[in-house]
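A short worksheet on the structure shown next.
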Ligand code: ADP
Ligand code: ADP
């Protein structure tokens, strides 16, 4: 059976953190378009340069580029049973493209987990986020400390603070989320796919709530 789960929510709400848990639990790949863009930026290729010109300003990378990237990712063998989508779709046009793509693969979006938290929490979480250079694992200087300061627990690579997590870019990203991504709340509510999760609780509490949603919605999971 193909399983596709979308994590929707503002920047810093915990999509990446929870996606990793869900991906482990369901043995599906965690696909973060942000991580893929950052890998291309690191390589310094054309896609990376283009993506960086948007990401550094807190703007969305254009739909055609992002959709093509996702389509390409889905051709890889680890996606054969589905995927956990973190940060895609971010616009209704991306959601339409996803529906067409999944249809062509014989699947559909099974569940959209919409994680919420107030803006103060998002700003606090992003200001203290430390991300790993190798695979985008995330830690927090207060809420999710690595065992050794500056080192990823999982793969030992260096932890760094993303440029776009600076206060002024974060405010832009939250505004862009409200204008361009929040319409997806209605989009997926109308399709009866959306479940809201209260993201203000601790990482463990949010994870427990998500597990209970998965049990209800994916009876075999
Ligand atoms: P997103 O992918 O939605 O931008 P992340 O998963 O990267 O969010 O989380 C943003 C930051 O907040 C990270 O530093 C992470 O460790 C921390 N974090 C995630 N979930 C929680 C939570 N429930 N409570 C406190 N901090 C959290
Ligand atoms: P966060 O974890 O804070 O939600 P991401 O790592 O998902 O941030 O994304 C970082 C940046 O990459 C976004 O601010 C945006 O510029 C770009 N990006 C990621 N996913 C998409 C997407 N689906 N569409 C357009 N731009 C995207």
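Annotations for the structure displayed:
- Candidate set: the stretch 39-75, residues that are part of a helix (DSSP H, G or I) and touching a strand residue (DSSP E or B) at 6+ places or on another chain (Cβ under 8 Å); chosen: the one surrounded by the most Cβ atoms within 10 Å (Cβ to Cβ): 70
- Within the stretch 191-207, considering residues that are more than 8 Å from ligand 1 (Cβ to nearest atom) and surrounded by 13 or more Cβ atoms within 10 Å (Cβ to Cβ), the one farthest from residue 9 (Cα to Cα): 191
- Residue 180 being within 16 Å of residue 90 (Cα to Cα), assigned to a helix (DSSP H, G or I) and either touching a helix residue (DSSP H, G or I) at 6+ places or on another chain (Cβ under 8 Å) or more than 16 Å from ligand 2 (Cβ to nearest atom) (or both): no
- Complete set of residues in the stretch 21-38 that are touching a strand residue (DSSP E or B) at 6+ places or on another chain (Cβ under 7 Å) and more than 28 Å from residue 49 (Cβ to Cβ): 22, 23, 26, 28
Okay, residues lined up against (1) away from ligand 2 (no atom under 11 Å from the Cβ); (2) free of Cβ contacts under 8 Å to residues at least 40 places away in the same chain; (3) under 17 Å from residue 29 (Cβ atoms):
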{"site": "77", "(1), (2), (3)": "yes, yes, yes"}
{"site": "93", "(1), (2), (3)": "no, yes, no"}
{"site": "119", "(1), (2), (3)": "yes, no, no"}
{"site": "125", "(1), (2), (3)": "no, no, no"}
{"site": "129", "(1), (2), (3)": "no, no, no"}
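Laboratory data are not the source of any read-out in this text; all were calculated from the coordinates shown. This is a predicted model, so every value here is computed, not measured. Note that we place each Cβ from the backbone using ideal geometry, even for glycine, and neighbour counts take in every protein chain shown.
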